[in-house]
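Notes follow the structure.
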Amino acid sequence: MDSQATKEIVKNAWAAFATRDAARIEAVFTPDAIWHAPPGNATGVALGYTQFDLTRDVIVRFLSREFATLFVADVQSTPRSLTAEGSRAVLETTFRARLSSGRHYENDYCFVIDVMDGRIHRMREYMDTQRGFRCIFGDAGSLATSG
C-alpha cells in the first residue's frame, strides 16, 4: 500500500471518530480489527473495561457512546506528527478534554496503525498511563496503580 494512502486512511479515521457516529466509525475498521490499549489504563478503568484488546464492536461502542460519558466537553485531539511507510502509520497526538468530574484531561498518545484493504486492521495505543490516572482520578489515581 502507498504511504500517502495510509496517511489519508488514518486522517479519515480520526475525522470519523470525532463525529461519534457509529456507522462512520465502524466503516474505518476491518471486521476483525483489534485496538490494543495499555492494560489498566485510566480511561478503561473508569469505564469498567477488563479487556484491553478491543474488537471492532467494542471500539465502535466506546467511541460512539461511552467516550462522551467520560470526556464531556472541549474534546480535541491535536496531531503532532503522522508518518507512514507502506501500510503502517505512526500518529503522535495530544488529547485534551473536560471530564465528567469537571477535571481537565491532557495526555500525549502514540498510535501504531496497520492498514489492510483500505481500513484500520490493527492499532496499538501508547500513552503515559500514570498521567492519565492523575487526570481522571486525581492524587488517588497514583495510589490505584501502586502496591
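Assorted remarks:
- Cα-based Rg of region 39-102 normalised by 2.2 N^0.38 Å, two decimals: 1.29
- Whole-Hz ³J(HN,Hα) from phi, Karplus 6.51 cos²θ - 1.76 cosθ + 1.60, for region 124-137, glycine and proline x: 10, 9, 10, 7, 7, 5, 5, 4, x, 4, 5, 5, 7, 10
- Using every pair of distinct Cα positions in region 94-139, the Kirkwood expression returns a hydrodynamic radius of 12.2 angstrom.
- Relative counts (whole %) of C-alpha pair distances in region 1-41, using bins that are 10 Å wide: 26, 45, 27, 2
- For q = 0.15, 0.16, 0.17, 0.18 Å⁻¹, Debye-computed log10 I/I(0) when each Cα of region 33-147 counts as one equal scatterer: -0.69, -0.79, -0.89, -0.99
- Residue by residue, region 50-66 carries 3J(HN,Hα) couplings of 10, 10, 10, 9, 8, 7, 4, 4, 5, 4, 4, 4, 4, 6, 8, 10, 6 Hz when phi is fed to the Karplus relation 6.51 cos²θ - 1.76 cosθ + 1.60 (θ = phi - 60°); x denotes Gly or Pro.
- A simple spin-label model places pseudo-atoms 7 Å from Cα toward Cβ; at T78 and Y126 they are separated by 2.2 nm.
Where a number appears in this text, it was derived from the coordinates with a stated rule and is not lab data. Note that the structure is a prediction, hence the values are computed from the model and not measured. Glycine also receives a Cβ, built like all others from the backbone with ideal geometry; neighbour counts cover every protein chain displayed.
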